[in-house]
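What follows is a single structure, written as structure tokens, with notes after it.
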Amino acid sequence: MMDIYLAKWINKPSENPGQAYWFRKMFDLGRMPKSTKLYFSGAGFYELYINGQMPDPERVLRPAPSQFDRHINYTVYDVAPLLKPGKNVMAVLLGNGFYNCWEKDYANLDNAPYRDFPKFMTYLLCDNELILCSDGTWKVHTSGVVYNSVRRGEFFDARLEPENIFDTTMDDSDWDTAQYCNPPGGSMLPEQGHPCRIVKRIDPISEKYFTFGKTVYDFGYGMAGWCEVTFSAPKGVTLILEYGEMLRDNGDLDREYNHSHANTPVFEEDRFTAGEAGRLDRIHARFTWHGFRYVRVRAEHPDIKIEKIQACQIHNDFPAVGDFSSSNPVLNRLLELTRNSLKSNFVGIPTDCPHREKAGWTGDVQLSCNTGLFLYDMVEDYAHFLQCVVDGQRVNGQITCVAPSGSWGYNWGSGPAWDMVMFSLPYEIYRFTGERKYIDRYYDNMKRYLDFCRQMARGNLLYWGLGDWCPVEQFRLTPTVITSTACGYDMLNKMVFFASLLEKNNDVDYYSNLAVQVRKAFNREFYHGDGSYGDDSWTSLGCALYFDLVDNNERCKVAERLVQKVRANQHKVDFGILGAKYVPHALAREGYADDALQLFIQQEYPGWGYWVKAGATTLWETWSGLWSRNHIMFGDPPNWCFEHLGGLVYDQGKLIWAPKAVPSLEHFQCSRKTNKGEIISKWRRIGEVLEYSLILPKGTSCLVRIPGIPEENLLGPVEKTYLI
């Protein structure tokens, strides 16, 4: 067997960094192999073809972004169905992705230490024999993709696309040869998480024509992806697609708010130029994606004829495992908005938004991951992101606010409320599944981060970081020291749990003592003795209750003060993204679940129900709808519904069933598929009687906690009904 280390990293430097290149290699097969393994790793996005066919053709935007100088993923493909006896050809089209962000970038990715021209390394084993590998014999040529920028868009010119790339008789002797290059620098790891795919193609539900060949298409709801279009036009004529999520009063596309964050004239735009044939069939972008509901097509030449246009919805192809329904249509619709935003913001990694930034903001992830874990099988997808977070950790323990990072985000945008994702993801994965490997793997990283917090603390309080982002009124932002200190306290408690789980008794004592000191300092500094904390905001009160910082003999006072404020404001929300999680859970835990529910379903501004009333199809970035219309950071309500209305409380892989039947609903049902089967929780009102029902699959144990009946343990398979 040949030495697999003959495979080298290759690329093609270019004076035009927006240009994508084809790489091509012929190889012979004397016989059809019984087994094949094609190992492929790319820095930047790539498309891979063997004899003109792609392995897993609906898979796109591969690989998922990573911290390339710390780790880079490889994929193993079975390509046996694509091979043939005799001559074969392998072709690779390389795009920039997040590896070569060559335009000015807010997150400093244009100055990332790993940034370089896209590159790849590959080798093919047939029956364990090395048949092909990347080296200096590969041929390379410019493609029709003349501009590709992950945050801007993509331009394709069919006049410049080489012909017969996949034909084994093609003569590529006039093509350049690939160049050897340095590896990206990171460790090679097998890919983790579900592949990113085109999961759905959607026809427009309406179209509106304007002068000068402009047409605005509405695809019905917000999503991440691109449009696929078939059209004909004279040679050299360009069709332009502009993506957006809002319309002006006249029905034209409005991109002002999101475009204002871009640093170049091009933003969320694809261009396709016709070649000699005059027709482009099902053409679409390859190395970027867009966040959109609407697309404005500019067919400004009279001879352009559009035959078909579809939206291609793209996200990690994780299967749905959870669902709920209730007697309230607003709550049901809010679940759909959250699903749409969650999927829109998981293209390779979890992101804040699918258009303006496409960045792995840690705060957005830690606020929404419980919802994600209830609704989808995405443990491995979150695990990949967790690796990216850890990869960006400095020697002193500090981490950045976005992952992967180009070195930006350490000195602004981070802080305990964001950084706690390093603790939340291992904890929640363990809580949902009982899997502790991420606690083991990143334990020392978490210790280093808590050391960093001790360096930053003043009198056991943490003053730095972002706070209750995007409140109703910015000038009434809850003091960051309250939320940062509370989050620091939560991380200490999680560390006590992790240390106990791993039997590190000295660490248990150390972090327990620190947590006691922080709790005392928090109450000494912020509790006023009358049920009020800090600035007396909803977030201050909810934060203290949510993180269990309130002494037991004071909890009723604090909870009563909070619910009085909520009712006085007629359940219209008065918090940002942190309070949006803390307050509803705090209310429900203290016996005010129905008041918490009203925060979700009342339809006056501000609130989630207001978005539903306004016709939103995704969650917004702000309560008013300013800026992005597709963010996930307000995405905790479904988690709240599963935990409190459905009563599904996961604890170290074990299940507690403690449903709360609230007066505002006539019925509620939720379900979640596990590796043992489907769990179904439901309750309904039958006259004056409450009927609770639980279905457990075989091998699933559950502790039942329903008011009015004794606690009991159940072991599936079982279907149990209780009448109260």
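The values are calculated or read from the model by the stated rules, or taken from the named source; none is laboratory data. Keep in mind it's a predicted model, so treat the numbers as computed, not measured. Here Cβ is always computed from backbone atoms with ideal geometry, including for glycine, and neighbour counts include all displayed protein chains.
Data table
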{"quantity": "Check on residue 285, in contact with an Asp or Glu (Cβ under 7 Å, 6 or more places away or on another chain) and either more than 23 Å from residue 237 (Cα to Cα) or not charged (D, E, K, R) (or both)", "calculated": "yes"}
{"quantity": "Selection from the range 464-483 of residues that are under 21 Å from residue 620 (Cβ atoms) and not in a loop (DSSP other than H, G, I, E, B)", "calculated": "474, 475, 476"}
{"quantity": "Strands (runs of 3 or more DSSP E) wholly inside the range 185-251 that include at least 3 residues being in contact with a Pro (Cβ under 7 Å, 6 or more places away or on another chain)", "calculated": "214-232"}
{"quantity": "Selection count, the range 219-250, where residues are touching a Phe, Trp or Tyr at 6+ places or on another chain (Cβ under 8 Å) and farther than 26 Å from residue 358 by Cα", "calculated": "2"}
{"quantity": "Test: residue 532 is surrounded by fewer than 21 Cβ atoms within 10 Å (Cβ to Cβ), of a type in the set (Ser, Thr, Tyr) and under 25 Å from residue 435 (Cβ atoms)", "calculated": "no"}
{"quantity": "Test set (1) surrounded by fewer than 23 Cβ atoms within 10 Å (Cβ to Cβ); (2) modelled with pLDDT of 95 or more; (3) among the small types (Gly, Ala, Ser); (4) more than 22 Å from the chain's Cα centre (by Cα) - residue 320 fails condition number", "calculated": "(4)"}
{"quantity": "Residue match in the range 635-644 (condition: closer than 22 Å to residue 429 by Cβ and more than 23 Å from the chain's Cα centre (by Cα))", "calculated": "yes"}
{"quantity": "Residue in the range 414-439 that is surrounded by the fewest Cβ atoms within 10 Å (Cβ to Cβ), counting only those that are hydrophobic (A, V, I, L, M, F, W, C) and in contact with a Gly (Cβ under 9 Å, 6 or more places away or on another chain)", "calculated": "432"}
{"quantity": "Test for residue 656: is it farther than 30 Å from residue 715 by Cα, modelled with pLDDT of 95 or more and among the β-branched types (Val, Ile, Thr)", "calculated": "no"}
{"quantity": "Qualifying residue in the range 547-568 (condition: in the same structural domain as residue 371 (by TED's automatic domain parsing) and touching a residue at least 60 places away in the same chain (Cβ under 8 Å))", "calculated": "yes"}
{"quantity": "Count - residues of the range 677-700 that are assigned to a strand (DSSP E or B) and surrounded by 12 or more Cβ atoms within 10 Å (Cβ to Cβ)", "calculated": "16"}
{"quantity": "Enumeration of residues in the range 48-96 that are in contact with a Gly (Cβ under 8 Å, 6 or more places away or on another chain), within 17 Å of residue 24 (Cβ to Cβ) and not hydrophobic (A, V, I, L, M, F, W, C)", "calculated": "95"}
{"quantity": "Filter result (more than 28 Å from residue 152 (Cβ to Cβ) and either surrounded by fewer than 20 Cβ atoms within 10 Å (Cβ to Cβ) or among the basic types (Lys, Arg) (or both)) within the range 90-129", "calculated": "127, 128, 129"}
{"quantity": "Lone unmet requirement of (1) outside any loop (DSSP other than H, G, I, E, B); (2) exposed (fewer than 15 other Cβ atoms within 10 Å of the Cβ) for residue 171", "calculated": "(1)"}
{"quantity": "Enumeration of residues in the range 144-163 that are part of a strand (DSSP E or B) and either charged (D, E, K, R) or touching a Gly at 6+ places or on another chain (Cβ under 6 Å) (or both)", "calculated": "147, 148, 154, 156, 157"}
{"quantity": "Failed item in (1) touching a Lys or Arg at 6+ places or on another chain (Cβ under 7 Å); (2) touching a residue at least 60 places away in the same chain (Cβ under 8 Å); (3) under 25 Å from residue 585 (Cα atoms), with residue 482 passing the rest", "calculated": "(1)"}
{"quantity": "Total residues in the range 82-112, condition at pLDDT below 95 and more than 23 Å from the chain's Cα centre (by Cα)", "calculated": "4"}
{"quantity": "Flag if residue 52 is of a type outside the set (Phe, Trp, Tyr) and within 27 Å of residue 127 (Cα to Cα)", "calculated": "yes"}
{"quantity": "Matching residues, the range 218-275, being small (Gly, Ala, Ser) and either without any contact (Cβ under 8 Å) to a residue 40 or more places away in the chain or more than 19 Å from residue 618 (Cα to Cα) (or both)", "calculated": "232, 233, 236, 251, 260, 262, 274, 275"}
{"quantity": "Pick from the range 261-311, criterion modelled with pLDDT under 95 and among the β-branched types (Val, Ile, Thr), ranking: surrounded by the fewest Cβ atoms within 10 Å (Cβ to Cβ)", "calculated": "264"}
{"quantity": "Residue check for residue 315: touching a helix residue (DSSP H, G or I) at 6+ places or on another chain (Cβ under 6 Å) and part of a strand (DSSP E or B)", "calculated": "yes"}
{"quantity": "Filter result for residue 45 (crowded, with 19+ Cβ neighbours inside 10 Å, of a type in the set (A, V, I, L, M, F, W, C) and in contact with a helix residue (DSSP H, G or I) (Cβ under 7 Å, 6 or more places away or on another chain))", "calculated": "no"}
{"quantity": "In the range 509-528, residue farthest from the chain's Cα centre (by Cα) [restricted to those that are under 24 Å from residue 499 (Cβ atoms) and of a type in the set (Phe, Trp, Tyr)]", "calculated": "510"}
{"quantity": "Residue in the range 219-240 that is surrounded by the fewest Cβ atoms within 10 Å (Cβ to Cβ), counting only those that are more than 19 Å from residue 343 (Cβ to Cβ) and within 30 Å of the chain's Cα centre (by Cα)", "calculated": "240"}
{"quantity": "Some residue of the range 499-510 being crowded, with 24+ Cβ neighbours inside 10 Å, touching a residue at least 24 places away in the same chain (Cβ under 8 Å), assigned by TED's automatic domain parsing to the domain that holds residue 443 and in contact with a helix residue (DSSP H, G or I) (Cβ under 9 Å, 6 or more places away or on another chain)", "calculated": "no"}
